[in-house]
Amino acid sequence: MSHPLFDITGETALVTGSSRGIGKALARGLLEAGCTVVLNGRNTTTLQATASELAASFGDRVRAAAFDVTDSAAVAAGIARVEEETGPIGILVNNTGVQHRSPLLEFTDDDWHRLLDTNLTSAFLVGREVARRMATRHRGKIVNICSLQSEAVRPGIAAYSATKGGLKMLTKGMCADLGPLGIQVNGIGPGYFDTELTSALVADEDFSAWVRRRTPAGRWGDVDDLVGALIFLVSPASDFVNGQVLYVDGGMLSVL
């Protein structure tokens, strides 16, 4: 039997950007832990396909809410609808993110703003709206999906790293404001993970060899490697943990 400090049975969780990849794996992990999980995405076709797939195993504890997390009005309406139809959100995972690789001198204004809106502004908008409701209940867990690139950078991803560095500091700022209201806000910083978004890098034999050499664990991360960190950060086990980023990177940040 697991320790009761890790028991999150019956909680309602919202996971943004959960149609695929890391978000989908985190949603599945929360379902396996006994939560009701609201999936979120903008592509309704993909979102419904994922919801149907997970519902085959977890039944009516799988819900879906399609709204644009970069639009303030859509976020407010979407969160209100989730709480009305599913119940109070006790767990929020801000996972929505996008990557765009390009040399800094060729990076366009539009791509800069798209990354900023998707990776950082969305977490602010959704986090603020959910926290307003959590505050009235004086409890809640918010986890922002940061990145190894919240701390380190490679050529071609300056904008992405800026958004993920900003998300790390937003996490700390949310802790400062929301901690006194009974809400814990932490981050998870994945290293190099094998997902749809990194498929080209995984297929690049030279780059994959570099990742394996550079990572003490000697491999790419699997999305399921993130579930344990999430369960810790959304459970009573982390009630005195706030404003931290837990890096799940196979040790990459710790070595030269």
What FRET efficiency comes out for the pair S102/A73, r = Cβ-Cβ distance, R0 = 35 Å, nearest 0.05? 0.70
Using modelled amide H (1.01 Å from N, peptide plane; none on Pro or chain starts), what sits under 5 Å from the amide H of G140, excluding residues fewer than 5 places away? Q184
With label points built 7 Å along Cα→Cβ from the Cα atoms of V255 and R139, find their separation and express it in nm. 4.2 nm
Summing +1 per Lys or Arg and -1 per Asp or Glu among the other residues with Cβ less than 13 Å from V75's Cβ gives 0
Placing unit charges on C-beta atoms (Lys and Arg positive, Asp and Glu negative, everything else neutral), compute the dipole magnitude of the chain about its Cα centre in debye, rounded to 20. 460 debye
Mean-position separation - Cα centroids, the stretch 33-96 and the stretch 204-218, in angstrom: 35 Å
The chain: calculated mean residue ellipticity at 222 nm from DSSP helix runs of at least 4, using -39500 (n - 2.57): -13000 deg cm²/dmol
A chain fully extended from D7 to D60 at 0.36 nm per residue, minus the present Cα-Cα distance, gains in nm 17.1 nm
Zone reached by a paramagnetic label modelled 7 Å from R212 Cα along Cα→Cβ, restricted to the stretch 224-256 with backbone N below 18 Å, covers 250-252
Apply 1/(1 + (r/R0)^6) to the Cβ-Cβ distance of R154 and V241, taking R0 = 35 Å, and write down the FRET efficiency to the nearest 0.05. 0.75
Give me the accessible area of K24, 1.4 Å probe, in Å² rounded to the nearest 10. 50 Å²
Reported label for calculated Kirkwood radius over Cα pairs in Å given [x] 17.8; [y] 19.2; [z] 18.4: [z]
R128 and T45 label points (each 7 Å along its Cα→Cβ direction) are spaced in nm at 3.4 nm
I'd like the carbon and sulfur percentage of the solvent accessible area for the chain, probe radius 1.4 Å, heavy atoms only, ligands and nucleic acids excluded. 54 percent
Rounded to the nearest 10 Å², the 1.4 Å probe accessible area of D177 is 110 Å²
Taking only protein heavy atoms and a 1.4 Å probe, the highest-to-lowest accessible-area order of I183, I231 is I231, I183
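The values are calculated or read from the model by the stated rules, or taken from the named source; none is laboratory data. Every value quoted in this text rests on a predicted model; they were computed, and no experiment measured them. So basically every Cβ, Gly included, is an ideal-geometry build from the backbone, and we count neighbours across all protein chains shown. Heads up: the accessible areas ignore ligands, DNA and RNA and are worked out on the full protein's heavy atoms, side chains in. Shrake-Rupley method; radii C 1.70, N 1.55, O 1.52, S 1.80 Å.
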